[in-house]
Amino acid sequence: MKEKTLRLGPLAILLALIALAMTILSLLSFASAQADVALAERFAKTVAIRYRLDKKGQEFLKDHSSDAEASYESSEEDYVLHIEIKENEIVEWKIHKNWQQEEQFDDLWEGGN
């Protein structure tokens with residue numbers, strides 16, 4: 001009786017390709033997760049700063065006499081809270097971030113000739 005041989009060559013190549021693909025996908029997933037963590041930490045820091053500025057603004061409103069016009073400004077890191085009160089109404093309550101352009105873009109198209 002003749003024995004049948006099992007050819008493992010194509011199967012081994014297929015399994016090696018599957019293992020390689022799984023390794024690459026796991027590395028990409030890990031890198032994406034690290035980027036997500038960094039972004040979440042930066043967002044949490046920004047939200048904490050904004051909440052602290054809002055708290056300072058609420059404390060200013062609590063201490064403010066109701067018949068006077070007033071302006072209040074507080075800053076933390078690069079964020080600035082600006083409050084403007086006129087005629088017993090809050091006219092402006094704004095939190096913004098000071099931003100400086102780091103580099104010039106000389107090669108941008110300005111339209112036309």
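The values are calculated or read from the model by the stated rules, or taken from the named source; none is laboratory data. All values derive from a computational prediction rather than experimental measurement. For neighbour counting, all protein chains shown are included, and Cβ atoms are generated from backbone atoms with ideal geometry for every residue, glycine included.
The residues of the range 31-81 that are touching an Asp or Glu at 6+ places or on another chain (Cβ under 6 Å) and modelled with pLDDT under 95 amount to a single one, Ser71. Applying the criterion of being surrounded by 11 or more Cβ atoms within 10 Å (Cβ to Cβ) and among the acidic types (Asp, Glu) to the residues of the range 29-63, the residue that is nearest to the chain's Cα centre (by Cα) is Asp54.
Screening Ser66 on (1) exposed (fewer than 10 other Cβ atoms within 10 Å of the Cβ); (2) assigned to a helix (DSSP H, G or I) shows it passes everything except condition (2). Close Cβ contacts (under 9 Å, 6 or more residues apart or on different chains) running from residues in the range 89-108 that are touching a residue at least 40 places away in the same chain (Cβ under 8 Å) to residues that are among the β-branched types (Val, Ile, Thr) comprise Ile95/Ile49; Ile95/Val80. Only residues that are in a helix (DSSP H, G or I) and either farther than 30 Å from His96 by Cα or touching a strand residue (DSSP E or B) at 6+ places or on another chain (Cβ under 9 Å) (or both) were counted across the range 1-47, and they come to 24.
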